[in-house]
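Written below as structure tokens is the structure these notes are about.
The values are calculated or read from the model by the stated rules, or taken from the named source; none is laboratory data. What you see is a predicted model, and the numbers here were worked out from it, not measured in a lab. Please note: Cβ atoms are built from the backbone with ideal geometry, for glycine as well, and neighbour counts cover all protein chains shown. Remember, those area values only see protein heavy atoms, side chains included, never the ligands or the DNA or RNA. Shrake-Rupley method; radii C 1.70, N 1.55, O 1.52, S 1.80 Å.
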Amino acid sequence: MMTSPTDMHRQPARRLRWLPFLGWLPQQTSRSLRADAIAGLTGAVLVVPQGVAYALLAGLPPEYGLYTAIVPAILAALFGASRQMVSGPTAALSIALFATLQPFAEAGSGEFIDLVLTLTFLAGIFQLLLGLARLGVLVDLVSHSVVTGFTAGAALIIATSQLPYALGLSAIENDGFLAIWPRLLERLGDIRPDAVLITGFTLVACLAFRRWLPRWPGMLLVLMAASLLAAWLDPGHGEIPRIGEVPAGLPPFSMPDLSFDTLRLLTPGAIALGLLGLVEATAISRAMAVRTGERPNGNQEFIGQGLSNIGGAFFSAYVSSGSFTRSGLNASAGACSPMAAVLSALFLIPLMLLAAPLLHHVPLPAMAGLLLLVAARLIDWHSIREALSTSRSEMAVLLITFFSTLLLALEFAIYFGVLASLALYLRRTTRPPVVEGTLSQAPQTIQQAVEEPGCNVVRIDGSLFFGACESVARRLERCDRPNLVILAAGINFIDLSGIHLLQRQARLCHARGGKLYLAWTKPDVMARLQRAGLVDNDNDNNPNHNKPRAIIT
């Protein structure tokens, strides 16, 4: 049996969907491999301090942040769509993970880690199913204002949670953003000057590296210098708290808890975190696509992110996504393909073996300073100013999401933001503008076609569907002349409720001794009106839709 050309074309496309790395792996050259190796090494050096900081933010032992930058990063690079995006632990997901699981288990405990692995697995399943169902468009429901408000709120939560460590205070029980402030203010008298000195040194040094030596591994060098400063101020390790022992070795095999009760408990949070991770990854992949000229593929990115979290759950990783910082560094370092992200994860293994014994000496005030800097960078001031100056509705969505993030569980903050965006969108679409005018203001062709003198002219700038009909009907009630001309260029769609609205208006015009006319009607809308019998369909094969057509009563 011969294979048709269409089937021969579909087979490679289907293979690339399941194994997308076959599209770029055979194209590797010694030159591109060398460039990817340099970019990968640069990223591996950066992820050491970031991974440790984000793991502490998630309430996990520091090594889990490094584990999350290995297996998930490799799987996302092999099965994702973006050529320059690097996946791994992120600040927003880390704080969201901690906030989601904090009510169920003590941070850092074995029970907490089991819940983390299960939630990561569920988030990956959710992402993979969306990708397989080709629902990449679903992430568009999370508007930019929702993301901006959520990250700003998360940044404030991150900064608040790190203030006790930055000031040298013992850990304060974190029952929420508002609950932590009274406890913090009560203990201002216990602030340790040496901890504040280390925090301030970390902040200033990191800012200096970013300003004058942006291509240097500033975070890593600053943590090393802060460790030396802490050793000088507290040689006995008795006053300034340190990170503690970090085991050296490969990510150990792990097993999520797949019991029914655990799955039911974690599914809502897993969906929210999975959606947040997809929003981050999609935003980064689109930004990278604009820079490189490649065509973004949201569905393939969903599959890559889903597989990375599913695989990561079995190798001691927590929920991951694309990293803005590491992806930008990867691109600026000259990465040519996803091989750079794969090599970065592989280079991290020996770096982790070397760095693990040294992380015991890193002071917690230095990590707090690092996370304060991360929190400050999460706030997108440009987007906030833009929303404030251009759109009250977008600003309302941003503020709703921001305050929901501070006052509610973080997973529900995302849902509230999405619901607010949809509510405002529906409010706009169900109230399309209906602009009134006179026949003298209408184009000449309409004036010639409509001979009756008593005539209203309106322009409807929106689709006539069930949700908009009531608003449009109220506006049309103001038109009291026998004849009515509707300029329909802005009507992209009409459903049965819209057809009934036109029929009622046509009968009203007929009762007054006039007619209802439609002008500039789009072909799809005209075809539906013809099928409904509202306009004559016995004209020529190429009717002029700019010409007014009377609605049959």
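Of all the criteria given as (1) of a type in the set (D, E, K, R); (2) under 34 Å from the mean Cα position of the chain (by Cα); (3) surrounded by 16 or more Cβ atoms within 10 Å (Cβ to Cβ), the one not satisfied by residue 194 is (2). Do we have residue 282 as part of a helix (DSSP H, G or I), open to solvent by less than 60 Å² (accessible area, probe 1.4 Å) and under 17 Å from residue 128 (Cα atoms) here? Spelling it out, residue 282 is indeed part of a helix (DSSP H, G or I), open to solvent by less than 60 Å² (accessible area, probe 1.4 Å) and under 17 Å from residue 128 (Cα atoms). Scanning the stretch 234-256 for residues that are loosely packed, with under 15 Cβ neighbours inside 10 Å and farther than 20 Å from residue 63 by Cβ turns up 235, 236, 238, 239. The conditions of being within 22 Å of residue 328 (Cα to Cα) and either surrounded by 14 or more Cβ atoms within 10 Å (Cβ to Cβ) or β-branched (Val, Ile, Thr) (or both) are not met by residue 266.
Among the candidates 446, 494, 552, the residue that is modelled with pLDDT of 85 or more, in contact with a Leu (Cβ under 9 Å, 6 or more places away or on another chain) and β-branched (Val, Ile, Thr) is uniquely 494.
Taking the criterion of being more than 18 Å from the chain's Cα centre (by Cα), among the polar types (S, T, N, Q) and either open to solvent by less than 70 Å² (accessible area, probe 1.4 Å) or under 15 Å from residue 142 (Cβ atoms) (or both), the residues of the stretch 379-399 that qualify are 391, 393.
Can you say whether residue 75 is closer than 25 Å to residue 258 by Cα, open to solvent by less than 30 Å² (accessible area, probe 1.4 Å) and out of contact with any strand residue (DSSP E or B) (no Cβ under 6 Å at 6 or more places or on another chain), as far as the supplied structure shows? For residue 75, the condition - closer than 25 Å to residue 258 by Cα, open to solvent by less than 30 Å² (accessible area, probe 1.4 Å) and out of contact with any strand residue (DSSP E or B) (no Cβ under 6 Å at 6 or more places or on another chain) - is not met.
When 220, 207, 197, 228 are screened for being under 24 Å from residue 73 (Cα atoms), aliphatic (A, V, I, L, M) and in a helix (DSSP H, G or I), only 220 passes.
Kindly provide the set of residues from the stretch 457-516 that are of a type in the set (S, T, N, Q), over 17 Å from residue 431 (Cα atoms) and touching a helix residue (DSSP H, G or I) at 6+ places or on another chain (Cβ under 8 Å), ordered by number.
Taking the stretch 457-516 and keeping what is of a type in the set (S, T, N, Q), we get 463, 471, 483, 492, 497, 503, 505.
Now narrow it down to the ones that are over 17 Å from residue 431 (Cα atoms): 483, 503, 505.
Result: 483, 505.
Applying the set (1) open to solvent by 20 Å² or more (accessible area, probe 1.4 Å); (2) at pLDDT below 90; (3) more than 47 Å from the chain's Cα centre (by Cα) to residue 507 leaves exactly one unmet item: (2). Filter the stretch 201-224 down to the residues that are open to solvent by less than 30 Å² (accessible area, probe 1.4 Å) and of a type in the set (Gly, Ala, Ser) and list them by number. 205, 218, listed by residue number.
Could you go through the stretch 325-338 and let me know if any residue there is modelled with pLDDT under 95 and in contact with a strand residue (DSSP E or B) (Cβ under 9 Å, 6 or more places away or on another chain). Checked against the condition, which is being modelled with pLDDT under 95 and in contact with a strand residue (DSSP E or B) (Cβ under 9 Å, 6 or more places away or on another chain), the stretch 325-338 yields at least one hit.
Test residue 88 against the stated conditions and say whether it is under 17 Å from the mean Cα position of the chain (by Cα) and either closer than 30 Å to residue 19 by Cβ or modelled with pLDDT of 90 or more (or both).
Values: under 17 Å from the mean Cα position of the chain (by Cα): yes; either closer than 30 Å to residue 19 by Cβ or modelled with pLDDT of 90 or more (or both): yes.
Considered against the rule, which asks whether it is under 17 Å from the mean Cα position of the chain (by Cα) and either closer than 30 Å to residue 19 by Cβ or modelled with pLDDT of 90 or more (or both), residue 88 comes out as yes.
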